[in-house]
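The values are calculated or read from the model by the stated rules, or taken from the named source; none is laboratory data. Bear in mind the structure is a predicted one, so any value in this text is a computation, not a measurement. In this analysis, Cβ positions are derived from the backbone assuming ideal geometry, glycine residues included, and neighbour counts consider all displayed protein chains. Just so you know, the surface numbers come from the protein's heavy atoms only, side chains and all, with ligands and any DNA or RNA stripped out. Shrake-Rupley method; radii C 1.70, N 1.55, O 1.52, S 1.80 Å.
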Amino acid sequence: MDDAGRQGYEVSYDADGAVSVTEAPAGAPEMMSVAALKSPAEFRIPELPAADVPAAEVQATALEGGCSAGAETMREAARKAGASDVLDQYAKDYPTGPHDKPQSMCPAFGSLRVGLRMKRVATILSGSACCVYGLSFVSHFYGARRSVGYVPFNSETLVTGKLFEDIREAVHDMADPAKLDAIIVTNLCVPTASGVPLRLLPPQIDGVRVVGIDVPGFGIPTHAEAKDVLAGAMLKYAREEIKAGPVQRPASGKSDRPTVALLGEMFPADPMMIGAMLAPMGLAAGPVVPTREWRELYAALDCGAVAAIHPFYTASIREFEAAGRPIVGSAPVGHDGTAEWLANIGAAFGIGAGQIAAAQNAFLPAIKGALAAAPIKGTVTLSGYEGSELLVARLLIESGADVPYVGTACPKTPWSAADADWLRSKGVTVKYRASLEDDCAAMEGIKPDLAIGTTPVVQKAKELGIPGLYFTNLISARPLMGPAGAGSLAEVINAAIGNKDRMKDMKAFFEGVGHGDTAGVWEGAPNLHPRFRELNAKKLEKAARARAAEEMI
């Protein structure tokens with residue numbers, strides 16, 4: 001028994017391959033360094049209350065319903081299966097409202113993408129086959145160059161617990177220290193709702209780390225926040241490794257200056273520009289989290305402060321705060337944003353006013369010049385789900401654009417407060433957890449010269465004859481920080497606004513085509529049957545009245 005009164009165990013395999021669990025020696029450490037762990041690993045199995053063992057009917061409910069059962073049904077099944085602590089933490093980290101959550105693709109794509117971008121990291125998905133197919137397809141569409149592991153299941157393996165055994169076997173088969181630093185195992189909706197206990201997987205096998213996470217669609221609002229789920233889990237693992245003893249040196253080496261870790265995916269040139277702006281203060285840009293390899297996690301945790309460029313990485317911020325690292329919100333975007341951000345970074349490191357002023361004077365004139373050289377004239381509505389929407393809006397406004405509305409699918413956090421306050425002082429309506437209906441209503445009501453948003457927003461805008469740009473591919477895929485970012489948006493924005501007359505001409509030319517009965521491709525006029533439509537409408541109305549009468553009874 002350790003100081004907390006918990007029993008340690010040793011898990012091993014006998015000659016027949018059966019699992020053997022015995023009490024570990026007294027005084028076994030709570031967390032061992034990777035070098036100290038052997039295979040089979042020594043680790044502690046949490047003592048689970050009886051209610052934490054899912055009943056067959058709970059698992060069957062999850063399997064039978066799947067994604068089509070509805071979020072509330074799956075959420076309730078997950079709680080009965082013992083996943084209440086996970087769902088409660090997600091609800092706290094990623095609050096929704098006023099609606100359930102924004103419309104988004106499967107959130108697991110976010111965590112999957114993070115894992116697939118890392119060197120020497122393998123990914124295993126546990127979920128319905130259709131979900132795994134869709135996620136793997138989209139990941140390859142976005143440039144993944146490695147396979148996605150999959151552990152299939154059926155009603156029998158799910159209900160009997162064989163699925164967990166299959167996952168454990170797959171992890172052991174895949175764990176090759178010559179090829180891998182870590183294996184990420186992700187539960188999708190059905191395994192999460194069924195209580196498949198990834199926490200019982202060994203923390204490492206032959207030096208290969210094992211990280212298990214639950215990323216259900218009914219618990220994570222957006223795929224952007226799912227990136228934080230995995231990033232936070234890996235930071236936690238790496239932090240425990242550091243506490244346990246010496247860790248590997250990052251491949252890039254250790255900086256001779258204090259570093260600022262950068263939180264949130266960004267254009268590759270932005271970290272270099274941020275590093276240049278930090279240099280006059282004697283600082284350097286640290287790793288970008290999510291990282292591209294495991295050892296960078298150690299360097300990120302070794303920083304002097306964290307820049308929450310994307311402010312919704314709540315789990316990651318929790319790990320940095322546990323390591324004693326201060327968090328600085330906003331980003332060096334535009335003139336005002338850069339001036340304030342450099343001052344806040346300097347304050348976090350206790351740097352004197354003279355050095356902070358030197359950094360500001362070295363870059364603010366260049367930023368002001370770049371903004372003046374690339375003006376944007378026109379009204380723009382902006383929405384997206386990347387987390388950088390408020391930063392882009394600041395840059396557009398300082399470039400001269402009128403931005404009356406900004407919508408983001410991400411939640412309100414303390415680390416975006418400065419950006420929201422600045423935007424509101426310029427008369428901008430800022431909408432957190434914006435839905436598709438919010439974004440479309442703003443665009444239709446304002447009728448801007450340009451609508452920047454998600455694919456359906458852009459589609460709706462073009463149907464109305466309004467130029468539109470897809471935020472993810474055309475806006476966030478550009479530098480935003482410092483002088484490089486100041487003039488980066490003008491060319492694409494002004495070119496799109498310049499197409500307004502062309503969009504009107506196209507709308508007039510195609511008016512009435514592709515709507516209602518004329519949708520699709522026809523060689524002749526479609527055969528309309530208004531009488532049939534009338535009868536069908538009456539049948540539907542009668543059925544609705546019957547349902548209403550039953551409810552009254």
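From the list Ala261, Ala269, Ala182, Ala193, which one is in contact (Cβ under 8 Å) with a residue 40 or more places away in the chain and open to solvent by 10 Å² or more (accessible area, probe 1.4 Å)?
Details: Ala261 fails: open to solvent by 10 Å² or more (accessible area, probe 1.4 Å); Ala182 fails: open to solvent by 10 Å² or more (accessible area, probe 1.4 Å); Ala193 fails: open to solvent by 10 Å² or more (accessible area, probe 1.4 Å).
Exactly one of Ala261, Ala269, Ala182, Ala193 is in contact (Cβ under 8 Å) with a residue 40 or more places away in the chain and open to solvent by 10 Å² or more (accessible area, probe 1.4 Å), namely Ala269.
With a cut-off of at least 3 residues that are aliphatic (A, V, I, L, M) and over 30 Å from Ala359 (Cα atoms), name the strands (runs of 3 or more DSSP E) lying wholly within the stretch 390-484.
Numbers: elements: 402-408, 429-432, 450-453, 468-470.
Where strands (runs of 3 or more DSSP E) fall fully within the stretch 390-484 and carry at least 3 residues being aliphatic (A, V, I, L, M) and over 30 Å from Ala359 (Cα atoms), they are 450-453.
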Quiz item: For the stretch 125-143, does any single residue satisfy the condition of being touching a strand residue (DSSP E or B) at 6+ places or on another chain (Cβ under 6 Å), farther than 23 Å from Ala434 by Cβ and in a helix (DSSP H, G or I)?
Solution: yes
Quiz item: Would you call Ser252 among the polar types (S, T, N, Q) and open to solvent by less than 20 Å² (accessible area, probe 1.4 Å)?
Solution: no
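I'm trying to understand the selection: among the residues of the stretch 332-360, which are within 22 Å of Ala224 (Cβ to Cβ) and out of contact with any Ser or Thr (no Cβ under 8 Å at 6 or more places or on another chain)?
Within the stretch 332-360, the subset within 22 Å of Ala224 (Cβ to Cβ) is 332-333, 337, 341.
Within the stretch 332-360, just Val333 meets the criteria.
Output the number of residues of the stretch 47-101 satisfying the condition of being modelled with pLDDT under 70, closer than 29 Å to Val138 by Cα and either open to solvent by less than 60 Å² (accessible area, probe 1.4 Å) or among the acidic types (Asp, Glu) (or both).
Taking the stretch 47-101 and keeping what is modelled with pLDDT under 70, we get 47-69, 98-101.
Next, only the ones that are closer than 29 Å to Val138 by Cα stay: 59-69, 99-101.
Applying the additional criterion that residues be either open to solvent by less than 60 Å² (accessible area, probe 1.4 Å) or among the acidic types (Asp, Glu) (or both) yields 59-60, 62-66, 69, 99-100.
Qualifying residue count, the stretch 47-101: 10.
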Quiz prompt | Scope the stretch 362-389; condition in a loop (DSSP other than H, G, I, E, B) and surrounded by 17 or more Cβ atoms within 10 Å (Cβ to Cβ); matching residues | solution = Ala374, Ile376, Gly378, Tyr385, Glu386, Gly387, Ser388
Exercise. Taking Arg433 as meeting all but one of (1) open to solvent by 10 Å² or more (accessible area, probe 1.4 Å); (2) more than 21 Å from Ala486 (Cα to Cα), write down the number of the exception.
Key: (1)
Quiz item: Across the stretch 436-484, what is the total count of residues that are within 19 Å of Lys500 (Cα to Cα), open to solvent by less than 20 Å² (accessible area, probe 1.4 Å) and among the small types (Gly, Ala, Ser)?
Solution: 6
Quiz item: Which numbered condition trips up Glu386, out of (1) within 30 Å of Pro258 (Cα to Cα); (2) charged (D, E, K, R); (3) at pLDDT 95 or above?
Solution: (3)
Quiz item: Hey, any hits in the stretch 104-124 for a residue that's hydroxyl-bearing (Ser, Thr, Tyr), touching a residue at least 40 places away in the same chain (Cβ under 8 Å) and open to solvent by 60 Å² or more (accessible area, probe 1.4 Å)?
Solution: no
Exercise. Tell me, yes or no, whether the stretch 147-169 has at least one residue that is surrounded by fewer than 18 Cβ atoms within 10 Å (Cβ to Cβ), under 23 Å from Thr291 (Cα atoms) and not aromatic (Phe, Trp, Tyr).
Key: yes
Quiz item: If Lys504 passes every condition in (1) in contact with a Phe, Trp or Tyr (Cβ under 6 Å, 6 or more places away or on another chain); (2) open to solvent by 10 Å² or more (accessible area, probe 1.4 Å) but one, which one does it miss?
Solution: (1)
Quiz item: Looking at (1) assigned to a helix (DSSP H, G or I); (2) open to solvent by less than 40 Å² (accessible area, probe 1.4 Å); (3) touching a residue at least 12 places away in the same chain (Cβ under 8 Å), which is the only condition Ala357 fails?
Solution: (3)
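Residues are listed down the side, and each one gets a yes or a no for (1) of a type in the set (Ser, Thr, Tyr); (2) part of a loop (DSSP other than H, G, I, E, B); (3) closer than 29 Å to Ile317 by Cα:
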| site | (1), (2), (3) |
| --- | --- |
| Val159 | no, no, no |
| Glu165 | no, no, no |
| Glu169 | no, no, no |
| Asp173 | no, no, no |
| Gly219 | no, yes, yes |
| Ala226 | no, no, yes |
| Gly232 | no, no, yes |
| Ile242 | no, no, yes |
| Gln248 | no, yes, yes |
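Within the stretch 229-260, can you find the residues that are β-branched (Val, Ile, Thr) and out of contact with any Phe, Trp or Tyr (no Cβ under 6 Å at 6 or more places or on another chain)? Quick ask: steps written out before the conclusion?
So the first thing to find is which residues in the stretch 229-260 are β-branched (Val, Ile, Thr), and the list is 229, 242, 247, 259-260.
If the condition is that a residue be β-branched (Val, Ile, Thr) and out of contact with any Phe, Trp or Tyr (no Cβ under 6 Å at 6 or more places or on another chain), then Val229, Ile242, Thr259, Val260 are the ones that fit.
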Quiz prompt | First in the stretch 129-140 and aliphatic (A, V, I, L, M), second anywhere and open to solvent by less than 30 Å² (accessible area, probe 1.4 Å), Cβ under 7 Å, 6 or more apart | solution = Val132/Leu125; Leu135/Ala108; Leu135/Phe109; Leu135/Leu112; Leu135/Leu125; Val138/Phe109
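To keep it simple, each residue is scored yes or no on (1) over 28 Å from the mean Cα position of the chain (by Cα); (2) free of Cβ contacts under 8 Å to residues at least 40 places away in the same chain.
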{"residue": "Leu469", "(1), (2)": "no, yes"}
{"residue": "Ile493", "(1), (2)": "no, no"}
{"residue": "Ile497", "(1), (2)": "yes, no"}
{"residue": "Asp501", "(1), (2)": "yes, yes"}
{"residue": "Glu511", "(1), (2)": "yes, yes"}
{"residue": "Arg531", "(1), (2)": "yes, yes"}
{"residue": "Glu534", "(1), (2)": "yes, yes"}
{"residue": "Glu541", "(1), (2)": "yes, yes"}
Self-check item: Breaking point among (1) touching a residue at least 24 places away in the same chain (Cβ under 8 Å); (2) closer than 16 Å to Thr379 by Cα, for Asp419
Solution: (2)
Exercise. Would you mind stating whether Pro526 is modelled with pLDDT under 85 and touching a helix residue (DSSP H, G or I) at 6+ places or on another chain (Cβ under 7 Å)?
Key: yes
Quiz item: Can you find even one residue in the stretch 414-422 that is more than 28 Å from Ala91 (Cα to Cα), over 18 Å from the mean Cα position of the chain (by Cα) and open to solvent by less than 30 Å² (accessible area, probe 1.4 Å)?
Solution: no
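Table: residues versus (1) open to solvent by 60 Å² or more (accessible area, probe 1.4 Å); (2) of a type in the set (Asp, Glu); (3) under 16 Å from Cys303 (Cβ atoms); (4) in contact with an Asp or Glu (Cβ under 9 Å, 6 or more places away or on another chain).
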| position | (1), (2), (3), (4) |
| --- | --- |
| Ser330 | no, no, no, yes |
| Val333 | no, no, no, yes |
| Gly337 | no, no, no, yes |
| Leu342 | no, no, no, no |
| Gly350 | yes, no, yes, no |
